[in-house]
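Trainee: Before I ask anything, here is the structure I am working with.
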Amino acid sequence: MPVAQATHGLGGLKDDPTKKSKPQELNVLIALIVIVAAFELVGRVFLGDSFLFNTRDNVDAIFNTARLQIIILQVSIVGIIALGVTQVIITGGIDLSSGSVVGATAMVTMSFAQTALVNGQPNPKAIFGDWAMDLPVLAPVLVGLGCGLFAGLINGALVAYTRIPPFIATLGMMVTARGFSRWWSNGNPISFPTESYGAIGKGMMPVLIFVALAVLFHLVLTQTKYGRHCYAIGSNEQAARMSGINVDRHKVLVFVIAGGLAALAAIVLSSKNLTAQAGMGVMYELDAIAMAVIGGVSLQGGRGSILGTVLGALIFGVIISGFTFLKLDAYYQEMVKGAIIVGAVVLDQWRQRGRSRG
Amino acid sequence: MKKTLIAGVVSLMGTTAMADGIGVSMALFDDNFLTVLRNGIQSHADANGISVQIEDAQNDVAKQLDQINNFIASGVDAIVVNPVDTSATQAMTDAAAAAGVPLVYVNRQPVNLDTLPDNQAFVASNEVDSGTLETIEVCRLLAEMGKTEAAAYVIMGELSNQAAVQRTKDIHDVIDGGKCAVKLTIIDEQTSNWRRDEAQNLMTNWLSTGTPFDAVIANNDESAIGAIQALKAAGVDMASVVVGGVDATQDALVAMQAGELDVTVFQNAAAQGSGALDAAVKLSKGEAVDRAVWVPFELVTPANIGDYLAKN
């Protein structure tokens, strides 16, 4: 199957990625429905409660809206990262640095988002002097974006121009950026941002930002030259180069965008939590990669879509909420989560194989 | 190869910088709490004219053992160790015992505590107290609100961490031992890995079940703050829920001043540092020291918060 896919993509600039990946996303959607149904069934049988539907007499609603909200809210931030990771993987790369970039960006951003007075007292976590206090919200956002774009630029330049594998280049960034975030304030957390900064990640804002970015990058990947080049390079880099695509420059651009998205995630995360800590974002890169892979993005490159990744993120959210709903013992949760990740992909492979035979 | 290189560099540093005094090996320099502890050692040493050399084991068990051996080789009077891995302390104890150098473990309980030789000791706060103080105070506040029965959620720290396991066990012990002022039932207990963002999501998930509850007991302040943020986002009246944490961090004290966090517990890192140094000095003079020296945890509530604002 992968061979057929690769030949299909050979020099495949005319190849329409939307047509190719549609059934792929259908699989993910089915997996999502199966998992939701499983939680619903187990809940009804063992707890006498519903996972999706409202069972409270004092609330007038068909669905349990609070649960539906948290399912997507809790994956929105990693989901933003996953949008960038998806583009990197489709182009045939990998980005291990996004979690650390989130940590580093959060630390820097929060340093410029602090408020001078906390409960009438001077900010006990102040990083800089008075000049950096109570800045307009645009200042920390721009500084943060700059951080992420810069980290992405280094990643991209290393991959494109030194020709070291993306795994190694971004591994280096992963370690360096984590070190940087610890160094920035000697491991101290940075807290108490201005009210306007805190508004960025308040309530359902993370979901709104995630969905808006998902729609944007879905259009970018399906409708623009940039998107077609991503698939072309990921399917067959040699062919893409021959057909005149500036592969190196494109790779840099993809990593810069991924870095920018990681920075946006950091801004939303630190705003939502009203704090930045050196350990923020640990393992986010792997969760983001898992979301993409569950969503049908192939680690071989050239295959996958933003829609798939969004569905992958939803599967993640459903699993987390489902565990809490079932009151599954915390000691089992990660083992089950790991099994579900592998299971979802294996299932998808089977269906794919079945179709190519049949 | 890499290990011998590091050992070589460390031994070079050890022999040049150190003739006598106390050698200190910290598990990690860039940890917030351990930094307060390390500063406690340093300032206590400066105040009493004790010469100390503090090394960073960078969370590496092998590196820490090398540092201890280098302290021994350079003839220190005593060694203070903040162990990277509490199950890897036997080798350190053996090395120091063989050389006859006194050794004091600080903050993290060594696995071989019960079999430590006479010239070794352990200085820390007893985690049995932290969760107990927290839970009893939560219970007291619930009783004060006029409740006789109450339901609570428990947010645990990292499941592999001894403090998280102990603090959670403390909660159960208080309830089972009849030390709780109300009849407290635990609805569910889950982990947030000590983290605010995970605790926030966890609490929102709990809220979505619609189960009524009266208290949230967290293993640490960051998790308690995450829960508070989720409760506030859902429009829950903070006066109707008792929230407890442990650590008395700056963020937690601010939340307490705002009337959101009700209980936290202060672990005196600086006192642990100075206590460990005192024990090391005593042992080096041949004086006896208790095998385990406990620095008490202190309950922090809105009533006494003023005493703690400048401590962490």
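Trainee: Exposure proxy check: A:M107, A:M174 ranked by fewest other beta carbons within 10 Å? Let's see the in-between values first.
Mentor: Details: A:M107 28, A:M174 20.
Going from least to most buried by this count: A:M174, A:M107.
Trainee: At 24 Å minimum axial length over the Cα atoms and a Kyte-Doolittle cut of 1.6, report the qualifying DSSP H helices in chain A, or say none. If you can, show how the numbers build up before the last one.
Mentor: Numbers: long enough: A:17-42 (38 Å, 0.90); A:65-90 (34 Å, 1.92); A:138-161 (33 Å, 1.83); A:166-184 (26 Å, 0.53); A:205-223 (27 Å, 2.23); A:247-273 (39 Å, 1.19); A:306-326 (30 Å, 2.29); A:330-357 (41 Å, -0.29).
Within chain A the helices that satisfy the rule are A:65-90, A:138-161, A:205-223, A:306-326.
Trainee: Only helical DSSP H runs with n ≥ 4 go in: add -39500 (n - 2.57) per run for the protein assembly as shown, normalise by residue count and round the 222 nm mean residue ellipticity to 500 deg cm²/dmol. Present the calculation step by step, with values, prior to reporting the outcome.
Mentor: Working: 24 runs with 385 residues, N = 670.
Here the helix-only value at 222 nm equals -19000 deg cm²/dmol.
Trainee: For a label point 7 angstrom out from the Cα of A:R241 toward its Cβ, which stretches of segment A:64-101 have the backbone nitrogen within less than 17 Å?
Mentor: Under 17 Å, as judged by backbone N against the label point of A:R241, lie A:91-93 of segment A:64-101.
Trainee: Treat every Asp and Glu Cβ in the protein assembly as shown as -1 and every Lys and Arg Cβ as +1, leave all other atoms uncharged, and give the resulting dipole magnitude about the Cα centre to the nearest 20 debye. Could you put the intermediate results ahead of the total?
Mentor: On the way: 43 positive and 58 negative charges, 683 e Å.
Once rounded to the nearest 20, the dipole reads 3280 debye.
Trainee: Report the Cα-based extents of chain B along its three principal axes, largest first, to the nearest Å.
Mentor: 63, 41, 34 Å, listed from the longest principal axis down.
Trainee: To the nearest 20 Debye, how big is the dipole of segment B:127-266 about its Cα centre, given +1 on the beta carbon of each Lys and Arg and -1 on that of each Asp and Glu? Walk me through the numbers before you get to the answer.
Mentor: Numbers: 9 positive and 22 negative charges, 50 e Å.
It comes to approximately 240 debye.
Trainee: Let me test this: with uniform point scatterers at the alpha carbons of segment B:127-266, what is the Debye-based log₁₀ I(q)/I(0) at q = 0.13, 0.22 1/Å?
Mentor: Treating every Cα as an identical point scatterer, log10 I(q)/I(0) equals -0.45, -1.47.
Trainee: Rank the residues B:S274, B:S74 as a footprinting-exposure proxy: fewest other Cβ atoms within 10 Å of their Cβ go first.
Mentor: Numbers: B:S274 22, B:S74 19.
Listed from fewest to most nearby Cβ atoms, that is B:S74, B:S274.
Trainee: Which far-off residues, 5 or more places away or on another chain, put their amide H under 5 Å from the one on B:K183, with H placed in the peptide plane?
Mentor: B:E149, B:A150
Trainee: Less than 11 Å Cβ to Cβ from A:I245, Lys/Arg counted +1 and Asp/Glu -1: what total charge do the surrounding residues give? Could the numbers behind the result be given before it?
Mentor: Details: positive: A:K225, A:R228, A:R241, A:R249, A:K251; negative: A:E237, A:D248.
For residues surrounding A:I245, the net value is +3.
Trainee: Run the simple label-point estimate for B:F33 and B:A303 please: 7 Å along Cα→C-beta, distance reported in nm.
Mentor: 2.6 nm
Trainee: Based on alpha-carbon atoms only, what is the radius of gyration of chain A relative to the globular estimate 2.2 N^0.38 Å?
Mentor: So the Cα radius of gyration is 1.04 times the expected 2.2 N^0.38 Å.
Trainee: Any chance you could run the full-extension gain for B:T185 through B:N48? It's 0.36 nm times the residue separation minus the Cα-Cα distance, nm to one decimal. Mind showing how you got there, number by number?
Mentor: Numbers: separation 137, 0.36 × 137 = 49.32 nm, distance 5.00 nm.
Roughly 44.3 nm would be gained on extension.
Trainee: What's the local net charge at A:M204, with K and R +1, D and E -1, over the other residues with C-beta under 15 Å away?
Mentor: Numbers: positive: A:R67, A:K202, A:K272, B:K232; negative: none.
Taking every other residue near A:M204 into account, the sum is +4.
Trainee: Still on this structure, I have one more. By how many degrees, between 0 and 90 and to the nearest 10, does the Cα long axis of helix B:89-99 differ from the longest principal axis of chain B?
Mentor: That works out to roughly 30 degrees.
Trainee: Another question, then. Can you pull out the cysteines in the protein assembly as shown that have no other Cys Cβ under 4.7 Å?
Mentor: That list is A:C147, A:C230.
Trainee: For the protein assembly as shown, how big is Rg over Rh, using alpha carbon atoms and the Kirkwood form of Rh?
Mentor: Values: Rg = 27.1 Å, Rh = 27.0 Å.
We get a ratio of 1.00 for the protein assembly as shown.
Trainee: Given points 7 Å out from each Cα along the Cα-Cβ axis, report the B:Q162 to A:I164 separation in nanometres with one decimal.
Mentor: For the pair B:Q162/A:I164, the computed spacing is 3.9 nm.
Trainee: Still on this structure, please answer the following. Hey, if you put +1 on the Cβ of every Lys and Arg and -1 on every Asp and Glu Cβ in the protein assembly as shown, which of B:A73, A:N273, A:G203 ends up farthest toward the positive end of that dipole?
Mentor: Among B:A73, A:N273, A:G203, the one farthest towards the positive end of the dipole of the protein assembly as shown is A:G203.
Trainee: Can you compute the FRET efficiency between A:L29 and A:K337 using 1/(1 + (r/R0)^6), with r the Cβ-Cβ distance and R0 = 22 Å? Round to the nearest 0.05.
Mentor: Details: r = 20 Å, r/R0 = 0.90.
Working from the Cβ atoms, E equals 0.65.
Trainee: Please order B:D56, B:D307 by the number of other Cβ within 10 Å, starting at the fewest. Present the calculation step by step, with values, prior to reporting the outcome.
Mentor: Working: B:D56 18, B:D307 11.
Ascending Cβ contact count within 10 Å gives the list B:D307, B:D56.
Trainee: Moving on. Distance between Cα centroids, segment B:261-312 to segment A:253-277: provide it in whole Å.
Mentor: Distance between centres, Cα-based: 38 Å.
Trainee: Under 18 Å from a point 7 Å along the Cα-to-Cβ line of A:L328: which residues of segment B:169-196 have their amide N that close?
Mentor: Zone members listed by number: B:188-193.
The numbers here are math on the coordinates, done by the rules we state, and not lab data. What you see is a predicted model, and the numbers here were worked out from it, not measured in a lab. Positions of Cβ are backbone-derived with ideal geometry, glycine not excepted, and every protein chain shown enters the neighbour counts.
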